[in-house]
Amino acid sequence: MNTLQLSKGREASLLRHHPWVFSGAVARVTGNPAPGSTVQVVAADGKPLGWAAYSPESQIRARMWAFNAIVGDNFQVDAANIASRVQRAVQRRQHLLGERRTAIRLIYAESDDLPGLIVDRYGDYLSCQFLSVGAEFWRDTIIAALNEHSPNRGIYERSDVTVRKHEGLESRKGLISGEEPPEFITINEADRLLDVSITEGHKTGYYLDQYDNRSLVQQLCTQAGRPLKVLNCFSYTGGFGIAALKGGAEHVTNVDSSGPALELAGRNLELNGFDPDQAELVQANVFDYLRDLKQQSGSRYDMIILDPPKFAETKHQFKRASRAYKDIALQAGALLNPGGWLVSFSCSGAIDPPLFQKITADALLDAGRQGRITHHLHQSSDHPVALPFPEALYLKGLVCHVD
């Protein structure tokens, strides 16, 4: 067995069952492990701690498969074990799928004991990302298990992401098995119909992590007791806008910098039976657009949704990201009618929930507004967070009622 030995005093996180071993914690590697192959992880004194996938080019030098304290000393990482993890992840989510919910995350990496593996289901098709050398090493086993435990018409790969470079892997995209997916797959999320492109869309095709939050926006619009005027910023293909209209909103303005995304947003409006005069599609830089709106009298809204892309890829970028989040929240705060709702999100891991709350509070203060948090938001339940792995909680959001 190839062995990865930790430096003295660096085993504390593994004793808490955190699944990552960083390069700075490694004293030596014995043997000649191939990228993605299994190494036994031991403490500085030689005490066995667990088994991990070895990644010689990544700052995360090993991702844990199992811990001695849980599985004992005779555990073995093999094809049967990997396949059983796929099966368990799929089974955990079976109760969430149905006629009114046909798209879901099936496997969420470390939270499903399959580090670096993302698999989403869109109707009859699966879309997946192999983001670590460990997942790549067991690729054929994983695909076979998916075909067995989550029957599908085709599996499409979206490993066309920069994070693979950190693992020494090349970008890859294309059909893995079965049929080529159609240009658009129509999914149903709580009677909100959406066309999704798993070959060209963001992530694996769509932002499934916002499922619960779109439902909340729909609920807030229904409970408002009056038709709301909604501004949906960074709208992508219009999911939050559809939710608002389903909840009875009077009018939605969808703003995004991508023309193709807005074209698909228009398609989704038609798919749900909404008239063109119920929604506006605006191609613009959201930062500039919000500033322009401030100069226009009468441009005020009852709900503003801010769902921007990741502003901070690393902790070194959190100051710049903080300024960006404050900027859009400040502009939005000035555009809300009294009694309006600010629905704001961050998917930047470097911005934790307390910091995001402070940023939002400072923004509304500078806008001369006062807000009260009514809901703390996070990713939907098919994106669970393993207790020893807080990094899995990347999406955070606030609903603020603004005076």
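The values are calculated or read from the model by the stated rules, or taken from the named source; none is laboratory data. Please read all numbers here as calculations on a predicted model, not as lab measurements. Because the Cβ atoms are built from the backbone with ideal geometry, glycine has one as well, and the counts that use them run over all protein chains shown. All accessible areas refer to the heavy atoms of the entire protein, side chains included, with ligands and DNA or RNA removed. Shrake-Rupley method; radii C 1.70, N 1.55, O 1.52, S 1.80 Å.
Label-to-label distance, Leu193 versus Ser13, with points set 7 angstrom from Cα along the beta-carbon direction: 4.7 nm. Placing +1 on the Cβ of every Lys and Arg and -1 on the Cβ of every Asp and Glu, with no other charges, gives the range 140-275 a dipole of roughly 440 debye about its Cα centre. Quick one: if the Förster radius is 41 Å, what FRET efficiency do Lys47 and Thr314 give, using the C-beta to C-beta distance and rounding to 0.05? With a Förster radius of 41 Å, E is 0.80. Computed extension length for Val71-Gln91: 5.1 nm, one decimal, from 0.36 nm per residue of separation with the Cα-Cα distance subtracted. Positive end of the dipole of the chain, charges at C-beta (+1 Lys, Arg; -1 Asp, Glu), about the Cα centre: which of Ala69, Ser257, Thr162 has its Cα farthest in that direction? Sorting the options by dipole projection puts first Ala69. Here the gap between Gln370 and Arg323, fully extended at 0.36 nm per residue and compared with their Cα-Cα distance, gives a gain of 15.0 nm.
Heavy-atom accessible area, probed at 1.4 angstrom with all protein chains present, ranks Phe234, Phe356 as Phe234, Phe356, highest first.
Each residue was assigned an accessible area with a 1.4 Å probe, and for Val230 the value is about 0 Å².
Work out the FRET efficiency for Thr162 and Arg226 from their Cβ-Cβ distance, taking R0 = 41 Å, and round it to the nearest 0.05. For Thr162 and Arg226, the calculated efficiency is 0.35. Computed from label points 7 Å out along Cα-Cβ, the spacing between Glu57 and His202 is 2.8 nm.
One quarter of the surface of the convex hull around the alpha-carbon atoms of the range 1-62 equals 3.5 nm², the direction-averaged projected area. If a/c stays under 1.5 just call it rounded; otherwise compare a/b with b/c (prolate if a/b is bigger, oblate if not). Do that for the range 261-309, with a ≥ b ≥ c from the square roots of the Cα gyration tensor eigenvalues. Judged from the Cα gyration tensor, the range 261-309 comes out prolate (a/c at least 1.5, a/b above b/c).
Here the relative contact order of the range 1-68, from alpha carbon pairs under 8 Å that lie six or more residues apart, stands at 36 percent. Using C-alpha pairs under 8 Å with a sequence gap of at least 6, the mean separation divided by the residue count of the range 41-173 gives a relative contact order of 20 percent. Here the simple spin-label model places points 7 Å from the Cα toward Cβ, and for Phe22 and Arg101 these points are separated by 3.6 nm.
Using 0.36 nm per residue and subtracting the Cα-Cα separation, the extra length available between Gln296 and Gln357 on full extension is 19.1 nm. Keeping the other protein chains in place, figure out the carbon and sulfur percent of the accessible area of the chain, with a 1.4 Å probe. Roughly 50 percent, rounded to a whole number. Summed over qualifying helices (DSSP H, 4 residues or more, each -39500 (n - 2.57)) and divided by its residue number, the chain shows a 222 nm mean residue ellipticity of -8500 deg cm²/dmol. Note on the chain: Kirkwood hydrodynamic radius from all Cα pairs is 22.6 Å, rounded to one decimal. To the nearest ten degrees, helix 139-149 and the longest principal axis of the Cα atoms of the chain are 60 degrees apart. Quantify how much of the Cα-Cα distance distribution of the range 1-134 extends past 22 Å, in percent. Everything past 22 Å amounts to 40 percent. About the centre of its Cα atoms, the chain shows a dipole size close to 1300 debye [charges on the beta carbon of Lys, Arg (+1) and Asp, Glu (-1) only; nearest 20 debye]. Shape analysis of the range 61-144 places it in the prolate category; the axes a ≥ b ≥ c from the Cα gyration tensor give an a/c of at least 1.5, with a/b above b/c. Summary of the geometry: the range 286-336 and the range 135-196, compared by the centres of their Cα atoms, lie 33 Å apart. In terms of Cα to Cα distance under 30 Å, which lysines are near enough to Lys326, apart from those fewer than 8 places away along the same chain? By straight Cα distance, Lys326 reaches Lys203, Lys229, Lys246, Lys294, Lys310, Lys315, Lys358, Lys396.
In summary, the aspartates and glutamates within cross-link reach of Lys165, defined as a Cα separation below 15 angstrom excluding same-chain residues under 8 places away, comprise Glu57, Glu136, Glu313. Ranking Gly134, Gly205, Leu231 by how far each Cα lies toward the positive end of the dipole of the chain (charges on Cβ) leaves Gly134 at the top. Counted over all Cα-Cα pairs of the range 165-279, pairs farther apart than 23 Å make up 33 percent.
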